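Below is one structure, written out as structure tokens, with a few remarks after it.
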Amino acid sequence: MTALGQPLLTKPVSAKLAATPWGFFLAIAVLLFFVVAAVFPAALATHDPYAMNFANALHPPSFEFWFGTDESGRDLYSRVIYGTRESLLIGVGATAVSLSLALVLGSLAALAGRFASAAVNRIIEVLFAFPTLLLALLLVAVIGPSAMSQVVAVGVGTAPGYARIIRGQILKAKDSGYVEAAVALGHPRAWILRNHVLPNALRPLVAIFALSVGQSIVWASSLSFLGLGVAPPSPEWGALLDAGKQYITQAGWLTVLPGLVIVVLALAATTLGKHIQNILEKDEK
Amino acid sequence: MTPTSSSDTLTPPAAPAPSGPAGGGARASRRFPWRLIAGKLVGAVVVLWGAATAAFLAQTALPGDRATIILNIRAGQAIERTPAELAAINQEYGLQNPLLVQYLEYLRGIVTGDLGTSYQQHRPVAAIIGEQMWPTIVLTLTAIALAWVIMVVWVTLTAGRGTKVSSVGAVLDTAVAGLPHYWLGIILLLVFALTLGWFPVISGTSPNGLFLPALTLAIPLAGFMGQATRAEFERSLDQPFVITARMRGMGDWGVRLKHVLRHSVLPAVTLSGWALGATISGAVIVESIFTRSGIGSVLVTAVNTQDLPVVTGIVILIAALYVVANILVDIAYVIIDPRLKKS
């Protein structure tokens, strides 16, 4: 992963994944399921996520306990459902932090005066030399581990890549024929910026947002997995991984299934993002 | 987004589609591009200076009085300290000096290989990192090599083989590129170490224990490089030079291996510099799953105890590796694409 979240936006070929309509609808269905789980967890859970029952401790997945039970006999499926809200909020929060920062850095790098933009470009470059997880770890070390620091750390960690995309988009729009035409027609700079450059440059943000939420959840859960995020006994997905880690040899489902849920959500968000991207690209032609 | 530095002139621009190498070739100088590399070295120094500055700022950003924090981290307590105790620490870490002096001291230290002193272990950070760095480097390089092998075999087998095979190939590229390391690692551990018993569960530093951790890092990376290579591979299959080779009577495998592959790995070479940094940070997670010694456990402990000199030392080192790797990638570019040398 690591690799995750980096050059996802580059390849038209992998967009074939998104080109199949059933993949798109499946992604929507998956995302809807998680939204329902986040808003009305009680509607989807089968057990009380906090009720301990030591007679059923470390019960493997079965008809009664779909995802098995943990060391205290709590139903893992229900815990995953109840953890959805916090996990999604961390993902969306981190994305908001990331894209805001990227927007500021990216547009300064593309639009500010020569010296200012050179300086901002360098800052982006320096941040980009830190791998996402490492930048996030550095921030967690300063702030201390918590849900809030996960939001900030993952947000800042993923921002440099998006800042580059936004800068590239703005520069592309600035160089385009329609801007040249607008300049030739004598429109003022600010007007061109507002009516031509920014709307065209920022349209891909919708797709990036979807991609980024999925990636952020994966990064945030990686931090939790290392014991540097939300701490157990919270049912937040990363915390479930952290708690299940010590039972890998006896009860693999405690890490495999919450991990699978994260993978499915990330894949759905990626598919949706790529599909939106495809639609936008078709529009441009 | 192509993860190369934006000032690169040799590497393709950060555009959505990987541009053909022709774009870079037009701008290359006639001889080996010494001037270009010199320029890159200057850029690299600037990036490292920025990284060191960021590391210094992170250390000063720790909320509260630093001497108190250091003492408490060392003792594992959270109590008020007497001025005498604080004075000793301030003296040791030079904290009584103005911030600017501390900053210059810090930069001077980095240039001479001194990354500071650990708050917790009371030892030079460089020594702590030095002890644990080697296994991580071995793991990272093995993983990157493995990723290349997997990627080249997979793309050569599946790219441009009709819609069905190619799209299965592409979908798999995307799917594995998104797999989190911790999940893939746990699956591999459960299947190959715990169930089949082919590899040790606790890999320590043994060579036999190297395979599963390296594979965990290699699979997503192969997916990433595969995405970049496949696009270029399929484009190259329709190029005039490929048609010429086919007309000369060259078989399909010959064309793929001798002409198309060489042409289409360039974007993946570009990715390799970035992959080094990403793989090292992935190694932090993988080492934790497979109980492998390396920089990962040092880093996680240091983050947990807010032992910032250790954290920033590791971060600076990895940023430096990233910068060096990117320079090597630029040189590799010229070697792989002879047009850049003599165009």
Inset, instruction - Run the dipole for the protein assembly as shown about the Cα centre, Lys and Arg Cβ at +1, Asp and Glu Cβ at -1, nothing else charged, and hand back the magnitude in debye, nearest 20. - result: 2560
Legend entry - Modelled FRET efficiency - R0 45 Å, residue B:123 with residue B:262, Cβ distances, 0.05 increments: 0.40
Inset, instruction - Indicate the gyration tensor shape class of chain B (rounded, prolate or oblate), computed on the Cα atoms with a ≥ b ≥ c the square roots of the eigenvalues: a/c under 1.5 is rounded; otherwise a/b larger than b/c is prolate and the rest oblate. - result: oblate
Legend entry - Rounded accessible area per residue of chain A, 1.4 Å, Å²: 40
Inset, instruction - Using protein chains only (no ligands, no nucleic acids) and a 1.4 Å probe, work out which residues of the stretch B:209-242 have their accessible area cut by at least 30 Å² relative to the chain alone. - result: B:224, B:227, B:231
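What shape does the stretch B:166-298 take by its C-alpha gyration tensor, where a ≥ b ≥ c are the square roots of the eigenvalues and a/c under 1.5 counts as rounded, a/b above b/c as prolate, and the rest as oblate? Before the final figure, lay out each step's value.
Values: a/c = 2.77, a/b = 2.35, b/c = 1.18.
Prolate.
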Legend entry - Positions from the stretch A:138-160 whose accessible area shrinks by 50 Å² or more when the full protein complex is built, not the chain alone, probe 1.4 Å: A:138, A:141, A:142
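Could you state the accessible area per residue of chain B in Å², with a 1.4 Å probe and every protein chain left in place? Let's see the in-between values first.
Details: 14730 Å² over 343 residues.
Heavy-atom accessible area per residue stands at 43 Å².
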Inset, instruction - With a length cut of 20 Å (Cα positions projected on each helix's long axis) and a Kyte-Doolittle mean of at least -0.5, go through chain B and give me the DSSP H helices that pass. - result: B:34-60, B:125-158, B:162-177, B:211-236, B:266-289, B:308-336
Inset, instruction - Any chance you could look up the accessible area of residue B:66 with a 1.4 Å probe, heavy atoms only, rounded to 10 Å²? - result: 40
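Give me the accessible area buried between chains A and B, both sides summed, with a 1.4 Å probe, in Å² rounded to the nearest 100. Let's see the in-between values first.
Values: alone 14150 and 17360 Å², together 26120 Å².
Buried area (both sides, nearest 100 Å²): 5400 Å².
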Legend entry - Protein accessible area in the protein assembly as shown, 1.4 Å probe - carbon and sulfur %: 69
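For a 22 Å ceiling on Cα separation, which of these pairs sit above it: A:172/A:282; A:172/B:40; B:40/B:258? Don't jump to the answer; show the numbers that get you there.
Values: A:172/A:282 17 Å; A:172/B:40 25 Å; B:40/B:258 31 Å.
Correct reply: A:172/B:40; B:40/B:258.
The values are calculated or read from the model by the stated rules, or taken from the named source; none is laboratory data. What you are looking at is a predicted structure, and each value in this text was computed from that prediction instead of being measured. Counting neighbours? That spans all protein chains shown, and the Cβs are built from the backbone with ideal geometry, glycine included. Only protein heavy atoms, including side chains, enter the accessible area calculation; ligands, DNA and RNA are left aside. Shrake-Rupley method; radii C 1.70, N 1.55, O 1.52, S 1.80 Å.
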